[in-house]
Amino acid sequence: MKMKDKFLSELEQLKRISQKRDLTEVEQAEQPWLYKSGKRLLNLASNNYLGLAGHERLKKAACVATETYGCGSTASRLIVGNHPAYRLAEEALVKWKGSEAGLIFNSGYTANIGIISSLIGRDGIVFSDKLNHASIVDGIVISRAEHQRYRHNDLDHLEALLQKAPLEKNKLIVTDAVFSMDGDLADLKGLVEVKERYNAILMVDEAHSSGIFGPQGQGYVHLLGLEDQVEVQMGTFSKALGCFGAYVVGKRWLIDYLINKARSFIYTTALPSGILASITEAITLVQEGSSRRETLREHSRFFRQELARLGFHLCGSETQIVPILVGSNEQTVLFSEKLQEMGIAAIPVRPPTVPENQARIRFTIMATHQRQDLADAVARIAQVGRELGVIQ
Ligand code: PMP
């Protein structure tokens, strides 16, 4: 069979099992209501948790910087791409996080693959929660380290794996703070205790917790007061902060090491100044007050409680990410289509993003939603859930 025919038959197979993805254009996805094929839908699908992506101050900051410095950064940071907007953003980042040093990466994906593959190599072992994000998994694959997956949030299992590991090997434990497809939280206190007993380094991915937890939105690590114990704190600017890009904060040695070793940092063109200026503004904004965070927390609690009361299985969600388990791919796609007909945008999440037979609808809440819109959505979700036999 020709290569092209193999690809085509794979696509056919994905279609048969309701796993083929297609791109559809979406307008105003930064708003609580978006437009898809001209239809207005309640946006329960974006990671713009605090509603900052459309914020006037972020847009203004990006425009001013673009006018001043232009669109492209012209080279990687180690060549001539390290323009002043980086210094301002990294200074704001370090101050916000109260850390010794910090570094901005082009995205969460490139941060994870770069950090993991530079901190650990062929002779090391990475212990990774089974539900960690794909970018963490890819970082481990690139690192060529031994990959030990522990059962989700199961520290006894992690410890059993650590006990078997040779003493002299470098060990990295890595976890999401908020798990992106289940919306539950990692046991960070427990992980710190375990990593200290086994002389391992701990890396936490705060993609879905930065901006959301902690007194000034610094993240879940800060909420628990663990900032001095977690060696590698990574997070993104692309979700609650409403911008683009990612960061890592930690000790000076860590940042110097990454500047010298992280290939996804070294061999890529620097971010444009407009993005960096919006990051600086977003960091300022999340520190200014906690009302958006509180509204998000209250909205999320309401939405979770209502769906749980109706009998949906919420996959352990404790946050603004609220999945409902459906099961088969076909039912999940149908569920999402019916919601769309009823004016709700919510994505079906299927394997390989989640385990087989655990396809689900993933709802995400925004601080800028109206409570009544969420209540109306719950009623429509219940109707579809009953129609499809997901709930009684
Ligand atoms: N880590 C986690 C836990 C994520 O959910 C994501 C994005 N979905 C990433 C990393 C990647 O971040 P980015 O989208 O900025 O590349």
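Read-outs throughout are calculated quantities, based only on the coordinates presented, and are distinct from any laboratory measurement. Just so you know, these numbers come straight off a predicted model, no measurement behind them. For neighbour counting, all protein chains shown are included, and Cβ atoms are generated from backbone atoms with ideal geometry for every residue, glycine included.
One table, with the values for the structure above:
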read-out	value
Sequence-distant lysines (8 or more away, or on other chains) whose Cα lies within less than 22 Å of Lys171	Lys130, Lys189, Lys195, Lys251, Lys261
Subset of Lys20/Lys59; Lys39/Lys239; Lys20/Lys95; Lys15/Lys39 violating a 32 Å alpha-carbon distance limit	Lys20/Lys59; Lys20/Lys95
Segment 1-133 - Debye-derived log10 I(q)/I(0), Cα point model, q = 0.22 Å⁻¹	-1.30
Rounded Å value of the spacing that divides the Cα centres of segment 275-289 and segment 112-147	30
Average Cα contact separation per residue, segment 13-164, under 8 Å, 6 or more apart, as relative contact order %	11
Helical segments meeting 15 Å axial Cα length and Kyte-Doolittle -0.5 threshold in the chain (DSSP H)	56-69, 84-97, 108-119, 273-288, 371-387
For the chain, built as a Gaussian network whose Cα springs stay under 10 Å, the top-fluctuating residue of Leu42, Leu58, Leu88	Leu88
Relative contact order, percent, the chain [alpha-carbon distance under 8 Å, six or more residues apart]	22
Semi-axis lengths, Å, the chain, gyration tensor of Cα atoms, sqrt of 5 times eigenvalues	32, 27, 22
Unit charges on C-beta of K, R, D, E only; dipole of the chain, Debye	620
Proximal aspartates and glutamates relative to Lys169, as straight alpha-carbon distance under 16 Å, when same-chain residues fewer than 8 apart are discounted	Asp123, Glu146, Glu159, Glu196
Relative contact order of segment 56-288, pairs being alpha-carbon contacts under 8 Å that are 6 or more residues apart, as %	31
Sequence of Cys71, Cys63 once ranked by neighbouring C-beta atoms within 10 Å, starting from the fewest	Cys71, Cys63
Distance from segment 36-78 to segment 228-267 (C-alpha centre basis), Å	20
Rounded to 5, percent antiparallel among DSSP beta bridges of the chain	55
Cβ-placed point charges (K, R +1; D, E -1), dipole of segment 56-288 about Cα centre in debye, nearest 20	600
Selected from Glu298, Glu356, Glu168 as most flexible by GNM, with the chain as the system and alpha-carbon contacts under 10 Å	Glu168
Dipole-positive endmost among Ile120, Leu339, Leu88 within the chain (Cβ charges, Cα centre)	Leu339
Within a Gaussian network of the chain (alpha carbon springs, distance under 10 Å), most fluctuating of Asp22, Asp256, Asp228	Asp22
Dimensions in Å of segment 56-288 - Rg and Dmax from alpha carbons	17.4, 57
Sum of -39500 (n - 2.57) over DSSP H runs of 4+, divided by residues of the chain (222 nm, nearest 500)	-13000 deg cm²/dmol
Packing-based exposure ordering (other Cβ within 10 Å, fewest first) of Tyr35, Tyr86, Tyr267, Tyr49	Tyr267, Tyr35, Tyr86, Tyr49
Amide H contacts under 5 Å for Tyr150, placed H, 5+ residues apart	Ser128, Asp129, Lys130
Residues Lys338, Lys130, Lys15 arranged by fewest to most Cβ contacts within 10 Å	Lys15, Lys130, Lys338
